[in-house]
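Here the structure comes first, spelled out in structure tokens, and everything after it is commentary.
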Amino acid sequence: MCRNIRVLFNFDPPATDDEVAAAALQYVRKVSGSSKPSAKNVEAFEHAVAEITRVTRQLVDALETQAPPRNRDVERERAKERNKKRFGEPATQT
């Protein structure tokens, strides 16, 4: 899966429309293999992003869970810790 697509479900506050659209854009970029479509493909690219945004919003809004909502700050810190374990400490600049 594309690393830039983030989990959108079960956060407090809920995922914003901008977050959903960003995930849809990343998905379309990954599937199409292009971060910027050619002029000939712009319409198809933008239509795909809009449709995936719409369907993703429907999905996220329809999902249910008994788990407590996640905290964005806690999840961000967990991701930083995972990255430290995976890649090591970032190099210091002098």
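Since every read-out is calculated from the coordinates, none of them should be taken as a lab result. The structure displayed is predicted, hence computed values, not measured ones. Cβ atoms come from the backbone with ideal geometry, glycine included; neighbour counts cover every protein chain shown.
Among 41-51, 61-71, what's the highest-first ranking by average C-beta atoms within 10 angstrom per residue?
Values: 41-51: 13.5, 61-71: 9.1.
So the order, starting with the most tightly packed, is 41-51, 61-71.
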Next item on the list: Enumerate the residues in region 10-26 having an amide nitrogen under 18 Å from the point lying 7 Å beyond the Cα of R86 toward its Cβ.
Entry: 23, 26
Note to self: Could you give each residue of region 64-70 its phi-based ³J(HN,Hα) in whole Hz, using Karplus coefficients 6.51, -1.76, 1.60 with θ = phi - 60°, and x for Gly or Pro?
What the structure shows: 10, 8, 8, 5, x, x, 7
Margin query: Can you match P(r) over Cα pairs in 10 Å bins from 0, in percent to one of these, [x] 15, 47, 25, 10, 3, 0; [y] 13, 29, 24, 17, 9, 7, 2, 0; [z] 14, 35, 30, 18, 4, based on a calculation from the structure here?
Written below: [z]
Check: How about region 1-68: which trypsin sites (Lys or Arg not before Pro) there are in a DSSP loop, with at most 13 other Cβ atoms within 10 Å of their Cβ?
Finding: R3
Item checked: R70 long-range amide H proximity, modeled H, under 5 Å -> F11, D12
Margin query: Suppose each label sits 7 Å from its Cα in the direction of the beta carbon; what would the V55-T16 distance come out to in nanometres?
Written below: 2.6
Checklist line | Estimated dipole of region 17-87 in Debye, rounded to 20 [Cβ of Lys and Arg +1, of Asp and Glu -1, Cα centre] | finding: 620
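So what is the 222 nm mean residue ellipticity for the chain from helices alone, if each DSSP H run of at least 4 adds -39500 (n - 2.57) and you divide by all residues, rounding to the nearest 500 deg cm²/dmol? Write out the running numbers ahead of the final one.
Numbers: 3 runs with 53 residues, N = 94.
Mean residue ellipticity, 222 nm, calculated: -19000 deg cm²/dmol.
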